[in-house]
Structure formats: structure tokens, C-alpha cells
1. Could we say that VAL112 is surrounded by 16 or more Cβ atoms within 10 Å (Cβ to Cβ), under 30 Å from GLY53 (Cα atoms), of a type outside the set (Ser, Thr, Tyr) and in contact (Cβ under 8 Å) with a residue 40 or more places away in the chain here?
2. When only residues in segment 55-112 that are in a helix (DSSP H, G or I) and aromatic (Phe, Trp, Tyr) count, which is nearest to LEU157 (Cα to Cα)?
3. Determine which member of the set ILE66, ILE49 is over 16 Å from the mean Cα position of the chain (by Cα), surrounded by 13 or more Cβ atoms within 10 Å (Cβ to Cβ) and not small (Gly, Ala, Ser).
4. With ARG90, ARG124 as the choices, which residue is of a type outside the set (A, V, I, L, M, F, W, C), modelled with pLDDT under 90 and either surrounded by fewer than 16 Cβ atoms within 10 Å (Cβ to Cβ) or farther than 26 Å from LEU181 by Cβ (or both)?
5. Counting only residues that are part of a helix (DSSP H, G or I) and without any contact (Cβ under 8 Å) to a residue 12 or more places away in the chain, which one in segment 145-177 is surrounded by the most Cβ atoms within 10 Å (Cβ to Cβ)?
6. Check whether at least one residue in segment 117-133 is charged (D, E, K, R), touching a Gly at 6+ places or on another chain (Cβ under 6 Å) and either part of a helix (DSSP H, G or I) or closer than 30 Å to LEU63 by Cβ (or both), and report yes or no.
Amino acid sequence: MATGRQTDPAALSAEAKPPTKREVGIVSLVLANRGVFWGGVLLLAMVAIALLGPLFTSDPMALNPIKRLKPPSEEFLFGTDFLGRDIFARVVYGARISLAVGLAVALIAISVGLVMGMIAGYIRALDAVIMRVMDGLMAIPGILLAIALISLSGATLTTVVIAIVIPEIPRVVRLVRSVVLTVREEPYVEAAIAAST
């Protein structure tokens, strides 16, 4: 007769599984680094305000000349401008555009930079050409490029995204290229190339 308590497999599966090593590592990293933690909190707050803004703000384009240049109050948290528009509503709606532009810039810069960096790292014949073009783009000040693009094509949202993306692509290309050049010299890569030939 066994004196020890027998474990029920159904009860074990019903119990909460402990977090994996990777999940514990990410959580501990975020909690240990104050900058990452507070930056994440601030970013989440901005996203929440931008998404939920229309629920608690008025129309940002509504004109009310009678209430122009009002100081901050319960009705207008940030006051009003010279046309009587609610500044808080305009800031909230502006946050939506800023987040959309930032996300678009990040996705485009990473996508284009990743492809060009991998090509520059793998194909030695194109490496010099691609990197000289990237060096030329990095030599142009970002604000000067933005002013030139906006003066040529007008101040549209697409022009703003392009003006921010162009200076960011060379940084991603250089980073990806350096990683590819490091990895391609690893023994397992040479073994894979030798096995495939």
C-alpha cells in the first residue's frame, strides 16, 4: 500500500503552467530597466489616448469665435486657439496622426533596410555600390531633405513619411550588413555551403 499521495494527471494539466524562461527574461528585463518600463507606460498611454480620444473630446475643427483664446478650464483642458478651437482635442487627434506616421516610417525603413542590407552583405559585387549610396544619403541632413521634398511636392502626409524614411534607411542597412558579414563567416554557414555543392 502506497503511503505517498498520488498525482492526478488531469489535476496537473489543470494547474497553471509556470512561465517559460523567455517570458521571465523579458519581464525581468523590462522591470529592471526604468527607461524601458516608463517608456512603455508612456507609449501605451499615448496609444490609449489616441484611440479613445474621440470618445471624450469635441470636434478639433469646430470653430467657436466667441470662446477664442480662452485659458485652460474644465470645459477646455488646454484652452482654445485664436479661432476658438479646442486645443486639447487638436492635440489628441494630432497624436493619432503622429503615431500612424511613426509606425509607417518604422515599418518601411526596416523592410527596405533589411532587404538592402542583406543584399549588400551577401553579394560582394553590389556591396560597394549600395554602401556608397547609403553614405551619400547619410551625408544629407534630414531636415534639409525634408524641406526640399516638401517644397517640391507639397506638405502631404506621404511626403512627410518619405522625408523621414529616407534618412533612416541607411542606418538599418549598415546594421543589417554588419550582422550579415559577421554571420557569413561562421563555420556552420561554410559547412552548409560545402554540403550544398
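1. Here the answer is no, as VAL112 does not meet what is asked.
2. Ranking the candidates gives TYR93 first.
3. After applying the criteria, what remains is ILE49.
4. ARG124
5. Out of the qualifying residues, it is THR159.
6. Within segment 117-133, not a single residue is charged (D, E, K, R), touching a Gly at 6+ places or on another chain (Cβ under 6 Å) and either part of a helix (DSSP H, G or I) or closer than 30 Å to LEU63 by Cβ (or both).
Quick grid of which residues meet (1) under 30 Å from VAL30 (Cα atoms); (2) in contact with a helix residue (DSSP H, G or I) (Cβ under 8 Å, 6 or more places away or on another chain):
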{"residue": "ALA45", "(1), (2)": "yes, no"}
{"residue": "ALA48", "(1), (2)": "yes, no"}
{"residue": "ASP59", "(1), (2)": "no, yes"}
{"residue": "LYS67", "(1), (2)": "no, no"}
{"residue": "SER73", "(1), (2)": "no, no"}
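The values are calculated or read from the model by the stated rules, or taken from the named source; none is laboratory data. These numbers were taken from a predicted model, which means no experiment stands behind them. Methodologically, a virtual Cβ is constructed for each residue, glycine included, from the backbone with ideal geometry; neighbour enumeration extends over all protein chains shown.
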